[in-house]
């Protein structure tokens, strides 16, 4: 029975890690920071992953090559937040808020904030992969999240 649970958990993790190397690397770094009690860094890395995914999505959907990217993370969250469920939108705002507090505030983020950020990141990434979300994108995210896309980076 334990093998079945482990297999399901590994399948879920594999599904979440089926995206470009740079984003995968940052996701794993956020996870490692959380596991090693580096809560400040965990919040920052969760924000980095969120920003990377949204900027890559923007770039992929617009088809433009951005030399200088002028959209803020909050603009991207507001723009793409309409596509996702309320739970995913709340997760994006949670990651944004905790990451900004870690980066720009005198308040030191702790275990609770890191736990919220990392859990929210998992909700966000699972929302990206939901078939409901994919249908709402005109061009789809299949190419963006496929293993073939890694070769283009």
task: With the Cα gyration tensor of segment 20-133 in hand, give its eigenvalues times 5 under a square root as the equivalent ellipsoid semi-axes, listed largest first in whole angstrom.
output: 23, 15, 14
- prompt: Going by how many other Cβ atoms sit within 10 Å of their own, how do 23, 83 line up, fewest first?
  reply: 83, 23
Inter-probe distance in nm under a simple model that places probes 7 Å from Cα toward Cβ, at residue 86 and residue 25: 3.9
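The numbers here are math on the coordinates, done by the rules we state, and not lab data. These numbers were taken from a predicted model, which means no experiment stands behind them. Counting neighbours? That spans all protein chains shown, and the Cβs are built from the backbone with ideal geometry, glycine included.
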